[in-house]
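Data block below; observations after.
The values are calculated or read from the model by the stated rules, or taken from the named source; none is laboratory data. Bear in mind the structure is a predicted one, so any value in this text is a computation, not a measurement. Every residue, glycine among them, receives a Cβ derived from its backbone with ideal geometry; neighbour counts consider all protein chains shown.
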Ligand code: GUN
């Protein structure tokens, strides 16, 4: 079993990005600028946005965090979007989800200029991804494909089973893995909460991507010997063994599943660091042009 070290690969890519930004600056080119909009005070969102802003600074990007209270109206937030769309200094921006219940995420996401949509959530960009046109790829699936590429894990003709059908991870993951690319070209099966006898499918997986959001959902009896297992889940569970009183676990029961795998991503330190790196890559693309 080989561990897929997302933390190490993310650090390598960040160094590559930092080198490129230095070159761009030396040539007098514009510094990439990412804006992250955070509405309300969801704890997880605050952590994610702080990590994104920090990563930008590490590679030499400009980054701005815009915070609004959860009482902001939909109209006011649409005005923020309009302003960002028009601001030539802003290359790309993200609207951290979830938004408060009184604001339509769909309305807000649809208002983002697709050229600045570095999350790749706008239907225009989703359509471009599906048809294979140059666009911003959603961060988590793009980060997973990058891990497969950097570890030279052969995927062509293999069976990739994706558990989860969210717009952010499961659906784009299934699309990317079915595409005619070197680190894709799979036969893809998509499983979700309504799938019957899910083990019948997971046992056929050469590559199993787990993104359903349930701690320790995938157990050893569900995994084929030699499979590549990619764990997208991240959950805090109580623990008496740590000072903080909790530990992070994924959607995969790592202890029992890992010995059966050819490759597996740990939690933390697997997919998570790659998600942020993909956002940086998209922001660089936004600055240079797609
Ligand atoms: N909420 C959870 N994941 C994401 C993400 O990748 N982008 C944004 N904008 N919000 C999220």
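Of note:
- The set of residues in segment 40-89 being surrounded by 19 or more Cβ atoms within 10 Å (Cβ to Cβ) and under 15 Å from residue 114 (Cα atoms) consists of 81, 84.
- Scanning segment 158-174 for residues that are within 18 Å of residue 202 (Cα to Cα) and in a helix (DSSP H, G or I) gives 170, 171, 173, 174.
One line per residue, one yes/no per condition, for (1) away from the ligand (no atom under 16 Å from the Cβ); (2) part of a loop (DSSP other than H, G, I, E, B):
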| residue | (1), (2) |
| --- | --- |
| 240 | yes, yes |
| 244 | yes, yes |
| 247 | yes, no |
| 256 | yes, no |
| 269 | yes, yes |
| 276 | no, no |
| 279 | no, no |
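- Of the residues making up segment 190-219, those that are under 29 Å from residue 109 (Cα atoms), more than 15 Å from the chain's Cα centre (by Cα) and crowded, with 19+ Cβ neighbours inside 10 Å number 2.
- Among (1) in contact with a strand residue (DSSP E or B) (Cβ under 7 Å, 6 or more places away or on another chain); (2) within 30 Å of residue 61 (Cβ to Cβ); (3) modelled with pLDDT under 95 - the single one residue 237 does not satisfy: (2)
- Members of segment 81-96 found to be within 14 Å of the ligand (Cβ to nearest atom) and more than 22 Å from residue 169 (Cβ to Cβ), listed by number: 81, 84
- For residue 99, the test of being farther than 27 Å from residue 8 by Cα and within 12 Å of the ligand (Cβ to nearest atom) is passed.
- Scanning segment 39-80 for residues that are more than 13 Å from the ligand (Cβ to nearest atom), modelled with pLDDT of 95 or more and farther than 26 Å from residue 17 by Cα yields a total of 14.
- For segment 220-237, the set of residues classified as in contact with a helix residue (DSSP H, G or I) (Cβ under 6 Å, 6 or more places away or on another chain) and surrounded by fewer than 16 Cβ atoms within 10 Å (Cβ to Cβ) consists of 220, 225, listed by residue number.
- Tallying residues that are more than 14 Å from the chain's Cα centre (by Cα), in a helix (DSSP H, G or I) and within 16 Å of the ligand (Cβ to nearest atom) within segment 127-157 yields 1.
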